[in-house]
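A.B. asks: Just dropping this structure here.
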2 protein chains.
Amino acid sequence: MSDVGFIGLGVMGKPMAANLIQGGHTLYLHSRSGVPEALTAAGGIACASPREVAERAEAVITMLPDTPDVERVLFGSPGVAEGLTAGKLVVDMSSISPTATRAFAERIERLDCEYVDAPVSGGAIGARDGSLTIMVGAREAAFARAGPLLALMGKNITHLGEHGAGQTCKVANQIIVALAIEAVAEALVFVSKAGVDPAKVRQALLGGFASSRILEVHGERMLRRSFEPGFRIELHQKDLALALASARELGVALPGTALAQELFNACRARGGASWDHSALVRALEILGDHSLGK
Amino acid sequence: MSDVGFIGLGVMGKPMAANLIQGGHTLYLHSRSGVPEALTAAGGIACASPREVAERAEAVITMLPDTPDVERVLFGSPGVAEGLTAGKLVVDMSSISPTATRAFAERIERLDCEYVDAPVSGGAIGARDGSLTIMVGAREAAFARAGPLLALMGKNITHLGEHGAGQTCKVANQIIVALAIEAVAEALVFVSKAGVDPAKVRQALLGGFASSRILEVHGERMLRRSFEPGFRIELHQKDLALALASARELGVALPGTALAQELFNACRARGGASWDHSALVRALEILGDHSLGK
């Protein structure tokens, strides 16, 4: 497979597409906000629509903000489905609804094409370095076919099950990250208000059972008051909304996730939709009338 | 300093005292439930009371379940305070109230002795291997004096500030651990109910931002349904009660901690006071009428 389509060239999509070009593939590119110069300069070919991408490429990758965006790009007009012919492969790497994903997969398979959901974790740095964690839902054959492409973008690639399983795993990832941020935020605000240096506490805890990537990375952001994204609160809220909606459908209670979502709401009340998600600490600072900042 | 007292020889205290004997110290030992044979066989000297320990040793270490136990051992009769003479050192390694700790330190200092709070993290395995994380609150001179003893029991030893700062840091540790357990529990119950294998999800997430010691260790316990302590829910509830009481005194809101405490209550409602704290997952399983177990 050398002709690959890529639709959605934002903070994540652009470096991911660059790694596919670097890996020797011919890339057919489309993005609502235009194709970045850097990608065409590297040999990528700009296409006028998702349909054109699907017509020219053998595999089409999408990397879009939310479920409605994926639906529009795949099934709108001029969309991917209009350009597909039998035997092609669609790989959605966006983080979207597991339920919608199963429906999209069914519609793509009715065109005698294959569908893979492969959302990622690891952020812009992971995208640039080709070190993303990739969570895959797909039939075995489709997973095998997508494998070499995914290997150019990520390192920790896991096949979790059938259609939607990748998205379900990504939702779990976002639940854990949100609650881990809240855990670190509660702990640091608590010790600071008790008169103990939160930077020393973070350092002491990094060696023990409280240690996590979030304590390391997001704990440091909280202490530096560095709330440039990173990962925007509004995007994390979209993911937690997926978690809570799916939980309602499935009949499972996620009380901690619901609480984290409400604390993000409090951040948005202060204009924080675009703050990094580590700024959840600000909601606790407001509640306790106390800031970690000097 | 070669004459060291050790009071409280339970799951944690016994291996910690053994490491001090191993390190060349003469140990004066007392425990309400008797001194273990293994320690006297190794050369430790059993004493009839906390007072006798304080009379014979230069430094007295306490490792007890809760604040009232420490108060009784230090200030009851025949207690440590009755046996102390000027210049001796008291090191409390229990996990107890930061506020009570400051009061205890003041009373010990009035006897011209020094006080160190040095609670630990790392469990029975860390105690055995001498690899505990130790969080210290003390004056500089007392910290320097206790240092060589602590180094025989732990590896990651941090001086966080004045009296009580070690206990405050330990409370922060317990907040993070409780919320991390809840995070992993919500994520695994969610994916399991969605029909995705939670063991595969844990594996996939260990590489990314959701990774933590809790996902690794406690996530595995949840999947194996191995709820032998470990660390008992009733002990974690004691620590969260300290967190919530201190938060009330200080004026800081810990909504996630309060929620975790309530989920532990739900476990106790099913007889789970002595389950390992990873069994918090059972509260979510009950709420969702679904078990991770096969």
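A.B. asks: Checking buried surface per residue: for the range A:156-195, which residues lose a minimum of 50 Å² accessible area in the protein assembly relative to the chain alone (1.4 Å probe)?
C.D. replies: A:Leu160, A:Thr168, A:Ile176, A:Leu179, A:Ala183, A:Glu186, A:Phe190, A:Lys193
A.B. asks: Placing a label point 7 Å from Cα toward Cβ, how far apart in nm is B:Lys155 from its equivalents in the other copies, listed shortest first to one decimal?
C.D. replies: Taking the point 7 Å beyond Cα along Cα→Cβ, the inter-copy spacings are 2.2 nm.
A.B. asks: Would you work out what percent of the accessible area of the range B:3-163, with all protein chains in place, is carbon or sulfur (probe 1.4 Å)?
C.D. replies: Numbers: 3210 of 6180 Å².
Accessible surface attributable to carbon and sulfur in the range B:3-163 totals 52 percent.
A.B. asks: Determine how large the accessible area of A:Ile45 is when every protein chain is in place; take a 1.4 Å probe and give Å² rounded to the nearest 10.
C.D. replies: About 50 Å², rounded to the nearest 10.
A.B. asks: Hey, can you grab everything whose amide H is under 5 Å from the amide H of A:Arg32? Only 5+ residues off in sequence or another chain; H modelled, so Pro and N-termini drop out.
C.D. replies: Those qualifying (amide H under 5 Å, at least 5 residues apart or on another chain) are A:Gly8, A:Leu9.
A.B. asks: With every protein chain in place, what's the accessible area of A:Lys193 (1.4 Å probe, Å², nearest 10)?
C.D. replies: The accessible area of A:Lys193 comes to roughly 60 Å².
A.B. asks: With no solvent and one equal point scatterer placed on each C-alpha of the range B:3-163, evaluate the Debye formula and give log10 I(q)/I(0) for q = 0.17 Å⁻¹, two decimals.
C.D. replies: -0.92
A.B. asks: Moving on to the next point. Nm distances between the label at A:Ile125 and the same-position labels in the remaining copies, 7 Å along Cα→Cβ, shortest first?
C.D. replies: 2.7
A.B. asks: Heavy-atom accessible area per residue, the range A:3-163, 1.4 Å probe: how many Å²?
C.D. replies: Details: 6190 Å² over 161 residues.
The answer is 38 Å² per residue.
A.B. asks: Let me ask something else. Could you tally the net charge around A:Glu52, taking each other residue with its Cβ under 15 Å from the Cβ of A:Glu52, Lys/Arg +1 and Asp/Glu -1?
C.D. replies: Net charge in that neighbourhood comes out at 0.
A.B. asks: Only four residue types carry charge here, +1 at the Cβ of Lys and Arg and -1 at the Cβ of Asp and Glu. Report the dipole size of the range B:3-163 about the Cα centre in Debye, rounded to the nearest 20.
C.D. replies: The calculated dipole for the range B:3-163 is roughly 240 debye.
A.B. asks: For chain B, what is the per residue volume of the convex hull drawn over the alpha-carbon atoms, in cubic angstrom?
C.D. replies: 137 Å³
A.B. asks: Additional query: Find how many whole Å separate the alpha carbon centroid of the range A:215-294 from the alpha carbon centroid of the range B:184-241.
C.D. replies: The range B:184-241 and the range A:215-294 have Cα centres spaced 21 Å from each other.
A.B. asks: Compute the separation of the alpha-carbon centres of the range A:67-111 and the range A:122-145 and state it in Å as a whole number.
C.D. replies: Going from one Cα centre to the other spans 17 Å.
A.B. asks: Quick query: amide H of A:Ala46 versus all other amide H atoms, modeled in the peptide plane; which residues come in under 5 Å with a sequence gap of 5 or more or a different chain?
C.D. replies: Result for A:Ala46 returns A:Leu29.
A.B. asks: If the only charges are +1 at each Lys and Arg Cβ and -1 at each Asp and Glu Cβ, what is the size of the charge dipole of the range A:145-221 around the Cα centre, to the nearest 20 debye?
C.D. replies: 180 debye
A.B. asks: A follow-up question, please. Of B:Val184, B:Ser212, B:Phe231, whose Cα points farthest to the positive end of the dipole of the range B:121-231 (charges on the beta-carbon: +1 Lys, Arg; -1 Asp, Glu; origin at the Cα centre)?
C.D. replies: Comparing the listed Cα positions along the dipole, B:Phe231 ranks first.
A.B. asks: What is the local net charge at B:Gln203, summed over the other residues whose Cβ is closer than 13 Å to its Cβ (Lys, Arg +1; Asp, Glu -1)? Present the calculation step by step, with values, prior to reporting the outcome.
C.D. replies: Values: positive: B:Lys200, B:Arg202; negative: B:Asp197, B:Glu216, B:Glu220.
Taking every Cβ under 13 Å from that of B:Gln203, the sum is -1.
A.B. asks: Using a 7 Å offset from Cα along the direction of the beta-carbon, what are the separations from B:Ser226 to the same position in each other copy, nm, ascending?
C.D. replies: Between copies, matching label points for B:Ser226 lie 3.8 nm apart.
A.B. asks: Further, regarding this structure: Run the numbers on the range B:18-98 and let me know its relative contact order in percent, using alpha-carbon pairs under 8 Å that are six or more apart.
C.D. replies: Values: 108 pairs, mean separation 23.2, N = 81.
Relative contact order of the range B:18-98: 29 percent.
A.B. asks: Here is a follow-up. Can you list the lysines whose alpha carbon is less than 26 Å from that of A:Lys170, not counting same-chain residues fewer than 8 positions off?
C.D. replies: Qualifying lysines at Cα under 26 Å: A:Lys14, A:Lys88, A:Lys155, A:Lys238, B:Lys193, B:Lys200, B:Lys294.
A.B. asks: Can I ask one more? Where both residues lie in chain B, what percent of DSSP beta bridges are antiparallel, nearest 5?
C.D. replies: DSSP beta bridges in chain B are roughly 15 percent antiparallel.
A.B. asks: Chain B: which residue's Cβ hugs the B-to-A rotation axis most tightly, distance rounded to whole Å?
C.D. replies: Here the nearest residue and distance are B:Ser212, 2.
A.B. asks: Can you tell me what share of the DSSP beta bridges in the range A:94-175 is antiparallel? A percent to the nearest 5 is fine.
C.D. replies: Numbers: 3 of 9 bridges.
Expressed as a percentage, antiparallel bridges in the range A:94-175 total about 35.
A.B. asks: What's the buried accessible area, both sides, between A and B using a 1.4 Å probe, rounded to 100 Å²? Each step should come with its number before you reach the end.
C.D. replies: Details: alone 13190 and 13180 Å², together 21350 Å².
Interface area, both chains combined: 5000 Å², rounded to the nearest 100.
A.B. asks: Antiparallel versus total DSSP beta bridges in the range B:42-187: what percent is that, nearest 5? Could you put the intermediate results ahead of the total?
C.D. replies: Numbers: 3 of 17 bridges.
Here the share of antiparallel DSSP bridges comes out near 20 percent.
A.B. asks: Given only helices, namely DSSP H runs of n ≥ 4 each adding -39500 (n - 2.57), what is the per-residue ellipticity at 222 nm of the protein assembly as shown, to the nearest 500 deg cm²/dmol?
C.D. replies: So the calculated ellipticity at 222 nm is -16500 deg cm²/dmol.
A.B. asks: Under a Cβ-only charge scheme (Lys and Arg +1, Asp and Glu -1), can you give me the dipole magnitude of the protein assembly as shown about the Cα centre, in debye to the nearest 20?
C.D. replies: 80 debye
A.B. asks: Now for a separate question. So what does log10 I(q)/I(0) come out to for the range A:168-288 at q = 0.14 Å⁻¹, using the Debye formula with one equal point on every Cα and no solvent?
C.D. replies: The computed values of log10 I(q)/I(0) come out as -0.57.
A.B. asks: Kindly provide the trypsin sites (Lys or Arg not before Pro) of the range A:56-129 that DSSP labels as loop, not H, G, I, E or B, and whose Cβ sees at most 11 other Cβ atoms within 10 Å.
C.D. replies: Passing both the DSSP loop test and the Cβ count: A:Arg110.
A.B. asks: Sticking with this one: List every residue whose amide H lies under 5 Å from the amide H of B:Ile157, counting only residues 5 or more places away in sequence or on a different chain, with H placed 1.01 Å from N in the peptide plane.
C.D. replies: Result for B:Ile157 returns B:Ile134.
A.B. asks: Taking a quarter of the surface of the convex hull around the Cα atoms of the range B:201-266, what do you get in nm²?
C.D. replies: 5.6 nm²
The values are calculated or read from the model by the stated rules, or taken from the named source; none is laboratory data. Remember, it's a predicted structure, so these values are computed and weren't measured experimentally. No Cβ is skipped: glycine too gets one built from the backbone with ideal geometry, and neighbour counts run over all protein chains shown. With ligands, DNA and RNA removed, areas are computed over all heavy atoms of the protein, side chains included. Shrake-Rupley method; radii C 1.70, N 1.55, O 1.52, S 1.80 Å.
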